[in-house]
Amino acid sequence: MNRLWTLITKEARDGLRNRWVVMITLVMTGLALILSFLGSAPTGTTSVSPLAVTVVSLSSLSIFFIPLIALLLAYDSVVGEAERGTLTLLLTHPVSRTEVILGKFIGHLFLLAIAIVIGYGVAGVTISFTGEGGFAGQEWDSFLRLLLSSILLGAIFLSIGYVISTWVSERGMAAALAIGIWLLFVLLYDMGLLALLAADGEGALSGGLVKWLMLANPTDSYRMFNLTSSNATALLSGMAGLSVEHRASDTSLILIMLSWVVAPLVIACMIFRKRQL
Amino acid sequence: MGLNPTIELSSVTKEYGKTIAVDGVSLAVAPGECLALVGHNGAGKSTLIKMVLGLIGPTNGRVRVMGRDPLDSAFNNLRSKIGFLPEQVLFQNNMTGRETLEFYARLKGASLEALDALFHRVDLFGAANNRISTYSKGMRQRLGLAQALIGTPDLLILDEPTSGLDPASRQNVYSIINDMKAAGATVLISSHALTELDSRIDRVAILNRGHMAALGTIAELRRTIGLPSEIKVHGSAESLQRLADYYSGKGYMNGAAHFSCSASEKIDFLRELMELNIPLTDIEVNDPSLEQVFLALTKGEDLGNE
């Protein structure tokens, strides 16, 4: 336990010392603020809480941004240390390979959580004070869901990043794969689904199948989790028209996302255990 | 531990696909002993070290370190008593030397107070709180060495410890090895060439393309390889003529007579030469250099690459 803590604090300190983690927090805060103000402007005097608008805009930002940061943090972690020679040294110490991966995961997740909480928190608090309805009258539930599920989204792509990093033997290859994975989950998957639906004019694909195909992609699970979190966000994001049949329960969405954290993490540990040094 | 060897390899073989990195090597290193692994790049030194450290397993054969299989999960507890300096290690530039050593000391459960003494031992105390990005190549190598000494290891494994070091630091490495030996530690070091080794090394194992080419003290290696000593005798033309008459068929050139004889015959040869009572001006005796011994033992190294 002590050793795991040592590994975690080292990763966290490394990240804090790398300027780019600070930069990412700043960029996220900036983007979140811009999106929030742009998003809340047109609401005017409607009854919709400005924070609900913010939740909708921020979740769209998260889907692009958080997987990217998480993959960038993770792709280099094992293969980079292997190239620098510190991995061999580390493994001659009394630590297991599983502890090494877990230490990196928890340390990186801590960094991501800081960036998300600061970035989105600043935006949320600012909006709630400047917008209509005052601090208490906001959809804080939805906002909390956004924060927690964004951290979960980060955890998913960290795990996937470790699979890449433990699997390949060169950093360049890992970087290329990370970009590929990002494109696949964030852009190509949904485009493919759309193409499938368009081709399927007869409606042979039942609604249920499409739904589960979509939710198999963790970014879509994340989207549905946040955009249907309340009537206000659902209305704003155009999700209100979804019949109950097309929605998935929170529990199943969370389970899907959690399994996207655990499964790649287990796979990464298994690959790492077999990795030749 | 008593007299049981710290490291024991029995016919260890390691194959990577079709390449045989280590081929049937047997070896035992006792506590308090320093063994040097010598060989060209790719001779199997690093592979052997990785098997001793339990980073990889042998394809065949048996590895025992401190009485245990290094691949065993129970071996993990013994790791805090092993110090290792990898051949090439790039510590994180944005950490200070002290932070780096503290990290490894925590993993080993070693005392953080003892680190000051280690920094002094490798002459890095003044730079301990500077970032590693400001360190020179030699300072990084010395930091690596200090790292290997954390927690006073019972087994110290140094992969090319003197590369990039100036002669003074190099002597310091050997004096550290000596201190560790005196404290009862087993030391395993690897090196490119015999010539780099200090006389403080107890035994040398020469690896050639995965095979153990020779194993013994440096003096033993000289003897077993049977490389002749070169003896050059200077004298007047008349003396050389008398020598030529006595020893027929030897080389005479530039006012000197050249003889070569094996190490075991050397004394007898010189006594016989003296007893001839031929007036001579000088005698030079050249024993084979370590470099010649090394080359003789590892010749044919590149045959497979043509």
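The values are calculated or read from the model by the stated rules, or taken from the named source; none is laboratory data. Remember, predicted model here, so these are calculated numbers, not experimental data. When we count neighbours, we look across all protein chains shown, and the Cβ atoms used for this are built from the backbone with ideal geometry, even at glycine. Quick note on the areas: whole protein, heavy atoms, side chains included, nothing else; ligands and nucleic acids left out. Shrake-Rupley method; radii C 1.70, N 1.55, O 1.52, S 1.80 Å.
Values for this structure:
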| read-out | value |
| --- | --- |
| Members of the range A:257-277 that become less accessible by 30 Å² or more once partner protein chains are added (1.4 angstrom probe, chain alone as reference) | A:Gln276, A:Leu277 |
| Per residue, in Å², the accessible surface of the range B:100-195 once ligands and nucleic acids are set aside, probe 1.4 Å | 37 |
| Backbone HN-Hα couplings from phi across the range A:116-122 [Karplus 6.51/-1.76/1.60, Hz, Gly and Pro as x] | 5, 5, 5, x, 6, x, 4 |
| Cβ-Cβ FRET estimate between A:Phe64 and A:Asp200, R0 fixed at 35 Å, reported to 0.05 | 0.80 |
| Heavy-atom accessible area, 1.4 Å probe, ligands and nucleic acids excluded: residues of the range A:1-35 down by at least 30 Å² from chain alone | A:Arg3, A:Thr6, A:Lys10, A:Arg13, A:Asp14, A:Arg17 |
| Accessible area of the range B:7-223 belonging to carbon and sulfur atoms, whole % at 1.4 Å probe | 47 |
| Chains B and A, summed buried accessible surface - 1.4 Å probe, Å², nearest 100 | 2500 |
| Distance (nanometres) between label positions extended 7 Å along Cα→Cβ at A:Met173 and A:Leu209 | 3.7 |
| Fraction of antiparallel bridges per DSSP, the protein assembly as shown only, in percent to nearest 5 | 65 |
| Inter-label distance for A:Asp141 and B:His258, nm, one decimal - labels placed 7 Å from Cα along Cα-to-Cβ | 9.9 |
| Cross-link partners of B:Lys232 among lysines (Cα-Cα below 16 Å; sequence separation of 8 or more within a chain) | B:Lys250, B:Lys266 |
| Prolate/oblate/rounded call for the range B:228-287, Cα gyration tensor, a/c under 1.5 rounded | prolate |
| Probe 1.4 Å, protein heavy atoms only - accessible area per residue of the range B:9-89 in square angstrom | 39 |
| Charge context of A:Glu83, other residues only, Cβ under 11 angstrom, K/R +1, D/E -1 | -1 |
| Cα-based shape type of the range B:19-93, given that a ≥ b ≥ c are square roots of the gyration tensor eigenvalues and the cut on a/c is 1.5 | rounded |
| Prolate/oblate/rounded call for the protein assembly as shown, Cα gyration tensor, a/c under 1.5 rounded | prolate |
| Karplus 3J(HN,Hα) series, Hz, for the range B:10-18 with 6.51 cos²θ - 1.76 cosθ + 1.60 (x for Gly, Pro) | 10, 5, 7, 10, 10, 10, 10, x, 8 |
| Cross-link partners of B:Lys108 among lysines (Cα-Cα below 26 Å; sequence separation of 8 or more within a chain) | A:Lys10, A:Lys104, A:Lys274, B:Lys45, B:Lys50, B:Lys81, B:Lys137, B:Lys181 |
| Residues in the range A:64-89 occluded by at least 20 Å² - accessible area, probe radius 1.4 Å, against chain by itself | A:Arg84, A:Gly85, A:Thr86, A:Thr88, A:Leu89 |
| For the range A:163-174, Karplus couplings with θ = phi - 60° (6.51, -1.76, 1.60), whole Hz, Gly/Pro x | 4, 4, 5, 7, 8, 8, 10, 10, 4, x, 4, 4 |
| Dipole magnitude of the protein assembly as shown about its Cα centre (Cβ charges: Lys, Arg +1; Asp, Glu -1), debye to nearest 20 | 920 |
| Cβ-Cβ FRET estimate between B:His40 and B:Lys18, R0 fixed at 22 Å, reported to 0.05 | 0.65 |
| Residues with amide H under 5 Å from that of B:Val22, placed H, sequence gap 5 or more | B:Lys14 |
| Sequence-distant residues sharing a close amide H with B:Leu85 (under 5 Å, placed H) | B:Ile157, B:Leu158, B:Asp159 |
